[in-house]
Amino acid sequence: MTTTGGRMRAGRGLLVLPPLLFIALLVFAPIIFIALFSVDLRSNIPGTEVAFSIENWKSVLFGEGNPFRARFFYSMRVALIVSVVTTVAAYPLAYFLSFVARKRRYTLLLLLLAPFFTSFLLRVLAWQIMLNDEGVVTGILRAIGLVSEGGNVPWLIYSTFSVSLVLFYTWVPFVTLPIFAVLENMDHRLLEAAHDLGASKWSTFWRITFPLSLPGVIAGFVFVLIPTTGEFITPLFVGGSDNQLFGNSIQAFFGSPNWNLGSVLAMALIITVVILMLIFGRFLNTDLRVATGSDDK
């Protein structure tokens, strides 16, 4: 019996080994290479002498007048604002799909996601065309008299607003999905019981629906926060030179011979993302225990 159990465990181990190797090759190997570049143990220029050094790290973390720290905090501020606004806007959508649309919810969900079957780059370029000084939005504002003929709105394009707007548009449907999934799998008998006991709709929502949906809310928030911290395509096309994010600095260095400094910035962002995942993962686990009524004791 023990031999059979050992064979089963060995068989399972062999089944798990290929995907583990695949993940290690595609995920961890590039991170290791970036880490080596960040301490000057590799160089993208053939024939360049390499030796362990943390000078680039010192320059980024402690250098006087370093522009990267300001851009990092600006990027995190934009990412945080976009994540909060996107999550707040996605919740009513998820609630409508789950509790109001009913039989039509999956059709409406498909319509919500339909534009995202096209190229992300094409959608960003479309926003650039719509928001520029001679674009559709400015034309509508001129037509209704909010902007004078020949005038424009300075903050409509190449601004923090335009970057945040396009990022918001990009992530709203995807933040809606985890919230919708949690609301769909919720035990609706709890809501019926609350109504039977005389609870109002608002009281039922704030005491039952919202607390039980928090795992989806936090998952959606993390879902948009993590990739937004490294975003560089959106600010490249609608942000202008004064509203570039941290990801643009990384992309610029990897487009130049100085991969070593770019790797330092990339590793700093990876460390930040890991810390954020650990923090929000802890909150997510706590909310899951609360939602399911489980206890570690």
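The values are calculated or read from the model by the stated rules, or taken from the named source; none is laboratory data. Please read these numbers as outputs of a predicted model, since none were measured by experiment. Every residue, glycine among them, receives a Cβ derived from its backbone with ideal geometry; neighbour counts consider all protein chains shown.
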Open item on the list: Can you pull out every residue in segment 67-122 that is polar (S, T, N, Q), touching a Leu at 6+ places or on another chain (Cβ under 7 Å) and under 22 Å from residue 162 (Cα atoms)?
Closed with: 75, 83
TODO: For segment 248-274, enumerate the residues that are out of contact with any helix residue (DSSP H, G or I) (no Cβ under 7 Å at 6 or more places or on another chain) and either part of a helix (DSSP H, G or I) or buried (at least 18 other Cβ atoms within 10 Å of the Cβ) (or both).
DONE: 251, 252, 271, 274
TODO: Select from segment 24-35 the residues that are surrounded by 14 or more Cβ atoms within 10 Å (Cβ to Cβ) and in contact (Cβ under 8 Å) with a residue 40 or more places away in the chain and list them in ascending order.
DONE: 34, 35
Open item on the list: Residue under question is residue 206, and the condition is that it be among the aromatic types (Phe, Trp, Tyr), crowded, with 19+ Cβ neighbours inside 10 Å and within 21 Å of residue 87 (Cα to Cα); does it hold?
Closed with: no
Task: Subset of segment 122-143 (residues that are assigned to a loop (DSSP other than H, G, I, E, B) and either among the small types (Gly, Ala, Ser) or in contact (Cβ under 8 Å) with a residue 40 or more places away in the chain (or both)) - done: 135
Task: Given (1) modelled with pLDDT of 85 or more; (2) among the hydrophobic types (A, V, I, L, M, F, W, C); (3) in a loop (DSSP other than H, G, I, E, B), number of the condition residue 146 does not satisfy - done: (1)
Open item on the list: Being at pLDDT 80 or above, assigned to a helix (DSSP H, G or I) and small (Gly, Ala, Ser): is that true of residue 35 here?
Closed with: yes
Open item on the list: Can you go through 199, 193, 126 and tell me which one is surrounded by 11 or more Cβ atoms within 10 Å (Cβ to Cβ), modelled with pLDDT of 90 or more and over 25 Å from residue 77 (Cβ atoms)?
Closed with: 126
Open item on the list: If I filter segment 80-120 down to residues being out of contact with any Phe, Trp or Tyr (no Cβ under 7 Å at 6 or more places or on another chain), among the hydroxyl-bearing types (Ser, Thr, Tyr) and part of a helix (DSSP H, G or I), which single residue comes out as modelled with the highest pLDDT?
Closed with: 91
- [ ] Give segment 79-111 a look and list any residue that's within 14 Å of residue 177 (Cβ to Cβ) and crowded, with 17+ Cβ neighbours inside 10 Å, or say none.
- [x] 86, 87, 90, 91, 93, 94, 95, 97, 98, 105, 109
Open item on the list: Among the residues of segment 144-184, what is the count of those that are aromatic (Phe, Trp, Tyr) and without any contact (Cβ under 8 Å) to a residue 24 or more places away in the chain?
Closed with: 2
